[in-house]
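The values are calculated or read from the model by the stated rules, or taken from the named source; none is laboratory data. The structure displayed is predicted, hence computed values, not measured ones. Neighbour counts run over all protein chains shown; Cβ positions are idealised from the backbone, glycine included.
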Amino acid sequence: MQKTNKKAAAATFASDASGKRNTLSYMQEKVTAAMSLPKEVALDLPIVTITGRNEIFIENFKNLLEFADNKIRLRIKDGTLTVEGKDLTLKQITSENLLITGTVVHITYD
């Protein structure tokens, strides 16, 4: 069995302002890989399916932040997702899934 330096290992997983991974996130990723689980399920990541320029299906969003016919903003796990376009409508919405139709011009992750 290989010996591990605990201080070095702890430093590797430390979270700070420079953007290093935190321990919980690192462990979630390792467990997901070990169990062969889909990342989006285990890590609660959004799934964005775009069909042409006229339809976007978004799974695993958290909150609807803004809705207008030219802009829709959603809270996702690590920030926001903004869809800009023309004649945007919410064709279907549940607690975790959303179907946007209209003419999509721009999609931004912040």
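Brief remarks on what is shown
- Checking residue 60 against (1) touching a residue at least 12 places away in the same chain (Cβ under 8 Å); (2) among the polar types (S, T, N, Q); (3) on the phi < 0 side of the Ramachandran plot, the condition it does not meet: (3)
- Filtered residues of segment 76-89 (kept if surrounded by fewer than 16 Cβ atoms within 10 Å (Cβ to Cβ) and modelled with pLDDT under 95): 77, 78, 79
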